[in-house]
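See structure below.
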Amino acid sequence: MGKLNIVLVCSAGMSTSLLVSKMKKAAEDSGVDVSIEAIASSVAVEQLADTPADVLLLGPQVRFLEKDYKNRFTDIKVDMISPMDYGTMNGEAVLSQALKLAN
C-alpha cells in the first residue's frame, strides 16, 4: 500500500488540528507513511470530491454526519473517533484506528 491519506472532519477544524499533529508525530515515530489533514464539516463534501482520502474520521461533535458520509463516500472508510481518544488528544490511538480501518 502506498501513502495512506487520512482526513479528520470536525465542526471547525481547530481542536482537530492539534490531534493531527499528534497523529503525525506518532506516524513519524513508528515509520508509517501517511498524509493527515483536518477539515471543517462545512467544506468536507466539496473538498473530498477533489482530495482523495482512504480513511475519513469524524470528530465526536459531527457524529450526526456518519450515516450520510458512509452513504456518500462509498469508496472511503468512514468511522467515528472515540470521544475518549479525541478528548485526550491521543494521536497514537487515532492513528492506530485509521490504520486498522485501511487494512
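For region 1-82, the solvent-accessible area works out to 53 Å² per residue, with a probe of 1.4 Å and every protein chain left in place. Short-range pairs are left out: with C-alpha atoms under 8 Å and at least six residues apart, the relative contact order of the chain is 35 percent. By the helix-only formula, in which each DSSP H run with n ≥ 4 contributes -39500 (n - 2.57) and the sum is divided by residues, the chain has a 222 nm mean residue ellipticity of -14500 deg cm²/dmol. At a 1.4 Å probe radius, carbon and sulfur cover how many percent of the accessible area of the chain? For the chain, the apolar C and S fraction of the accessible surface comes to 51 percent.
The packing ranking of peptides 77-85, 24-32, highest mean first, is 77-85, 24-32, where packing means the average number of other beta carbon atoms within 10 angstrom of each residue. Can you list which of the DSSP-assigned H helices in the chain have a Cα extent of 20 Å or more along the long axis and an average Kyte-Doolittle score of at least -0.5? Long hydrophobic helices here: 14-30.
For the chain, a simple Cβ point-charge model (Lys and Arg +1, Asp and Glu -1, everything else neutral) yields a dipole of about 180 debye relative to the Cα centre. In this simple spin-label approximation, Glu37 and Thr74 carry label points 7 Å from Cα along the Cα→Cβ vector, and these lie 2.6 nm apart. The aspartates and glutamates within cross-link reach of Lys24, meaning a Cα-to-Cα straight distance under 17 Å and a gap of 8 or more places when in the same chain, are Asp33, Glu37, Asp54, Asp85, Glu92.
The values are calculated or read from the model by the stated rules, or taken from the named source; none is laboratory data. The model shown is predicted, which means the values in this text are computed figures rather than measured ones. Because the Cβ atoms are built from the backbone with ideal geometry, glycine has one as well, and the counts that use them run over all protein chains shown. In case anyone asks, the SASA skips ligands and DNA or RNA and just uses the protein heavy atoms, side chains included. Shrake-Rupley method; radii C 1.70, N 1.55, O 1.52, S 1.80 Å.
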